[in-house]
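Notes for the one structure printed next.
The values are calculated or read from the model by the stated rules, or taken from the named source; none is laboratory data. Everything numeric in this text was worked out from a predicted model, so none of it was measured. Virtual Cβ from ideal backbone geometry, glycine too; neighbours counted across all protein chains shown.
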Amino acid sequence: MKANITDLLIIFDELDEFATNKELGIYWFRVVRTDGITISLSFSIYECYVDTLVYIKDQVTISDISMKNCSEIRILDEEKKCLEIIHEDQKGRCFLHLTGDNIVTYEE
């Protein structure tokens, strides 16, 4: 799976060094928005999966989306903090908008 780690560091607040294992190709990124919503993105370069986690602390709300057979994570708009996750078969695309009202959307 393709993912530019440097580009991802531009739109996320941090790379979680505790959960990340670079030797295994597993990365965890996190951003905390001004409204208190935490968004995490984890993925495996070699196993081609991507997980997103949206957590609202005060309301104890958690949403988790897992995708398998991913081929690429690419940044669509650095300023708006928007990225796209593409499946290998090109049938499904997931959009992650770190600053938007609709944080995760999926299209086939």
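To keep it simple, each residue is scored yes or no on (1) among the polar types (S, T, N, Q); (2) closer than 17 Å to Val104 by Cα.
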site	(1), (2)
Phe12	no, yes
Asp16	no, no
Asn21	yes, no
Arg30	no, yes
Tyr49	no, yes
Asp64	no, yes
Ile73	no, yes
Ile86	no, yes
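Scanning the range 5-22 for residues that are among the hydroxyl-bearing types (Ser, Thr, Tyr) and either within 15 Å of Ile85 (Cα to Cα) or exposed (fewer than 15 other Cβ atoms within 10 Å of the Cβ) (or both) yields one hit, Thr6. Of the strands (runs of 3 or more DSSP E) entirely within the range 14-108, those holding at least 2 residues that are hydrophobic (A, V, I, L, M, F, W, C) occupy 26-32, 37-44, 49-56, 61-67, 70-77, 82-87, 93-97.
Considering the range 39-72, and only residues there that are of a type in the set (A, V, I, L, M, F, W, C) and farther than 20 Å from Leu9 by Cα, the residue that is surrounded by the most Cβ atoms within 10 Å (Cβ to Cβ) turns out to be Met67. Of the residues making up the range 30-73, those that are closer than 30 Å to Glu88 by Cα and free of Cβ contacts under 8 Å to residues at least 12 places away in the same chain number 1.
For the range 76-101, taking the residues that are in contact (Cβ under 8 Å) with a residue 40 or more places away in the chain and more than 10 Å from the chain's Cα centre (by Cα), the one that is surrounded by the most Cβ atoms within 10 Å (Cβ to Cβ) is identified as Lys81. Of all residues in the range 23-38, those satisfying the criterion of being under 15 Å from Ile5 (Cα atoms) and either modelled with pLDDT under 90 or surrounded by 15 or more Cβ atoms within 10 Å (Cβ to Cβ) (or both) are Gly25, Ile26, Tyr27, Trp28, Phe29, Arg30, Val31.
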